[in-house]
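In what follows, a structure is listed as structure tokens, so that the remarks can point back to it.
The values are calculated or read from the model by the stated rules, or taken from the named source; none is laboratory data. Every value quoted in this text rests on a predicted model; they were computed, and no experiment measured them. Cβ atoms come from the backbone with ideal geometry, glycine included; neighbour counts cover every protein chain shown. When the accessible area is computed, the model is the full protein with side chains, heavy atoms only, and any ligands, DNA or RNA have been set aside. Shrake-Rupley method; radii C 1.70, N 1.55, O 1.52, S 1.80 Å.
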Amino acid sequence: MRRLGLFLVVVLLLGVLASPRPVKAEETLTVYSYDSIEWWMKEIVPIFEQKYGVKVNLVLIGDAGEVLNRLILEKDNPQADVVVGIDNSYLAKAIDAGILEPYRPANADVIPDWIIEKFDPTFHLTPYDYGYIAINYRKDMVQNPPASLEDLTKPEWKGKLIIEDPRTSSPGMAFLLWTIAVYGDDWLNYWERLKANDVQIVKGWSEAWGAFSEGEYPLVLSYATSPAATVYYENNTNVGAVAFREGNYLQIEGAGIVKGAKNKELAKKFIEFLISEEAQEKLPLNQWMYPVNRNVKLPEVFSYAVNVEEPVTIDPKEIEENYETWLKQWTALMVEGKSPEEITGTTSTSPEGENGGICGPALIVGLAVLPLLLRRK
């Protein structure tokens with residue numbers, strides 16, 4: 001009986017040893033980003049997955065504004081580990097919303113100091129690319145392109161510029177911020193002159209670029225790197241871009257760890273990977289932006305991009321505080337047809353004022369002089 005018992009024990013042990021062991025579940029990192037980043041992600045995500053033996057769940061959500069709104073809605077129950085694509089227009093809003101976990105990557109020294117200083121020294125978001133908004137022109141239709149924002153309001157460019165709506169387009173919003181940075185409190189008057197010069201406004205970049213490509217407009221709002229992209233995709237050297245006298249608006253995009261991320265350590269590795277040479281070298285020909293890694297050499301085709309030496313920016317905190325107001329004022333002027341004075345409340349709406357009657361300071365002066373005139377009589 002003892003032998004039989006021993007035999008059964010041995011059989012049971014062998015059975016346990018021979019049975020398949022449970023396989024450890026594959027770790028999954030969830031990344032939120034905007035739609036147009038897909039091409040860069042398709043090239044680099046497989047590298048990251050193989051390198052760390054994990055799975056990346058890439059969730060694409062419209063544009064950067066929609067991505068940020070999604071994260072804010074999920075704040076109490078975060079579903080993402082990493083967000084990629086929040087730029088300097090949305091930076092302050094993202095930080096104030098409390099949805100980001102600060103993290104300075106171990107390899108952050110590959111990023112030039114000026115980019116960090118202009119973007120986010122607190123590293124709530126780590127910059128991974130940057131670029132400039134620029135007016136592009138068709139060389140077959142334009143001999144001497146405009147060289148400043150003010151030039152765009154001149155008669156020779158009447159009805160010849162197509163731009164994107166800041167309410168629905170990232171470059172459109174960047175252009176609005178560019179004009180505010182340059183003109184300050186007088187920006188509404190600038191846009192009134194632009195409107196009088198028959199600027200054409202469309203919903204998004206694709207529509208604007210399409211009309212420009214067909215020759216309907218010789219000028220379009222796009223990027224400083226657009227001429228390089230045109231050469232790369234179409235072998236077409238007919239497009240140029242202009243570095244304006246007052247500088248060009250700088251856009252910096254960043255990636256960050258979502259507060260409450262379920263895979264925080266893996267998220268850190270992904271942030272570090274995004275600014276590594278193996279990921280950054282694939283960025284220029286997919287994003288058509290500049291890599292932040294100082295060790296990455298630009299493709300030769302980038303020689304067709306315009307060189308911008310004067311970056312124009314607005315403090316992200318100022319953008320966050322005034323974003324909605326600026327958009328409402330722009331809409332009142334460009335869509336509702338109100339004047340800058342009506343929008344800012346500096347004009348009289350009394351019937352006397354509209355009919356040329358005396359009002360305000362003029363009335364006070366008149367009343368003061370009246371007794372003197374009566375005495376003379």
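Descriptive notes on the structure:
- Modelled spin-label separation between Lys297 and Gln143, with each label point placed 7 Å from Cα along the Cα-to-Cβ direction: 4.0 nm.
- Only beta bridges with both residues in the chain are counted; by DSSP, about 60 percent of them are antiparallel.
- Overall shape: oblate for region 92-135, with the ratio a/c of the largest to smallest alpha carbon gyration tensor axis at 1.5 or above and b/c at least equal to a/b.
- Tensor-based shape of region 216-330 (alpha-carbon gyration tensor, a/c under 1.5 rounded, otherwise prolate or oblate): oblate
- The chain: angle of helix 187-196 to the longest principal axis, Cα-based, in degrees nearest 10: 80 degrees
- For region 186-242, the fraction of 1.4 Å probe accessible surface lying on carbon and sulfur atoms is 44 percent.
- Computing Rg/Rh (Cα atoms, Kirkwood Rh) for the structure here picks out one of (1) 1.00; (2) 0.96; (3) 1.20, namely (3).
- Solvent exposure of region 26-72 amounts to 48 Å² per residue of accessible area, where only protein heavy atoms count and the probe is 1.4 Å.
- Separation in nanometres of the label points that stand 7 Å from Cα toward Cβ, at Asp35 and Glu278: 3.2 nm
- Applying 1/(1 + (r/R0)^6) with r as the Cβ-Cβ distance of Lys259 and Glu156 and R0 = 35 angstrom yields a FRET efficiency of 0.10.
- Portion, in percent, of the accessible area of region 271-334 that falls on carbon or sulfur, probe 1.4 Å: 41 percent
- When each of Lys75/Lys328; Lys317/Lys338; Lys118/Lys160; Lys75/Lys268; Lys51/Lys282; Lys160/Lys195 is checked by Cα-Cα distance, pairs over 23 Å: Lys75/Lys328; Lys317/Lys338; Lys118/Lys160
- Shape call, region 38-118: gyration tensor on alpha carbons, a/c limit 1.5: oblate
- Spacing of the two label points (7 Å from each Cα toward its C-beta) at Glu26 and Asn69, in nm: 3.3 nm
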